[in-house]
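The values are calculated or read from the model by the stated rules, or taken from the named source; none is laboratory data. Just so it is clear, the model here is predicted, and its values are computed rather than measured. Note: ideal-geometry Cβ built from the backbone for every residue, glycine included; neighbour counts use all protein chains shown. Heads up: the accessible areas ignore ligands, DNA and RNA and are worked out on the full protein's heavy atoms, side chains in. Shrake-Rupley method; radii C 1.70, N 1.55, O 1.52, S 1.80 Å.
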Amino acid sequence: QVQLVESGGGLVQPGGSLRLSCTVSGTSLSINTMGWYRQAPGNELELVASITSRGITKYADSVKGRFTISRDNAKYTVNLQMNSLQPEDTAVYFCTAEIRQGNSGAFYLHWGQGTQVTVSS
């Protein structure tokens, strides 16, 4: 069974930093694109950042220059370094990964349980 477990959320003051981490567990895993989404109360789900297995990254315009996504393919982890945080970054952040178990078949999108990030003074 595949699991994505996130850590690193919390409360931070405006201008501060947080680092989110997500580890994928399971057997015989192949992982394509990994990413982070967020959802604030009353808002739609938003793609924050993504990174392919080759390290190609993509960011939402609202976080460019402030957030950095990275991954460790050997450890099945993806991280999101968030700097210069603002109140509008407050949301539940979800880790995602496109995963295939075994050497053939389709990749499926898996989600973590979410971690709360609150930016407030």
Seminar exercise, completed: If you go through Arg100, Arg54, Arg71, the only one that is loosely packed, with under 15 Cβ neighbours inside 10 Å and of a type in the set (D, E, K, R) is Arg54
For this session: Kindly establish whether Thr27 is touching a residue at least 60 places away in the same chain (Cβ under 8 Å), out of contact with any Asp or Glu (no Cβ under 8 Å at 6 or more places or on another chain) and surrounded by 17 or more Cβ atoms within 10 Å (Cβ to Cβ).
Result: no
For this session: Enumerate the pairs (first residue in region 62-87 and without any contact (Cβ under 8 Å) to a residue 40 or more places away in the chain and under 21 Å from Ala40 (Cα atoms); second residue anywhere and assigned to a strand (DSSP E or B) and aromatic (Phe, Trp, Tyr)) with beta-carbon separation below 7 Å, excluding pairs fewer than 6 apart on the same chain, so at least 6 apart or on different chains.
Result: Phe67/Tyr59; Ile69/Trp36
For this session: Give the residues of region 78-121 that are closer than 12 Å to Asn32 by Cα and either part of a loop (DSSP other than H, G, I, E, B) or of a type outside the set (Gly, Ala, Ser) (or both), sorted by residue number.
Result: Val78, Thr96, Glu98, Ile99, Arg100, Gln101, Ala106, Phe107, Tyr108, Leu109, His110
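Just give me the residues in region 37-51 being part of a loop (DSSP other than H, G, I, E, B) and either open to solvent by 80 Å² or more (accessible area, probe 1.4 Å) or over 11 Å from Asp89 (Cα atoms) (or both), in sequence order.
Of region 37-51, the ones part of a loop (DSSP other than H, G, I, E, B) are 40-45.
Listed by number, the residues that qualify are Pro41, Gly42, Asn43, Glu44, Leu45.
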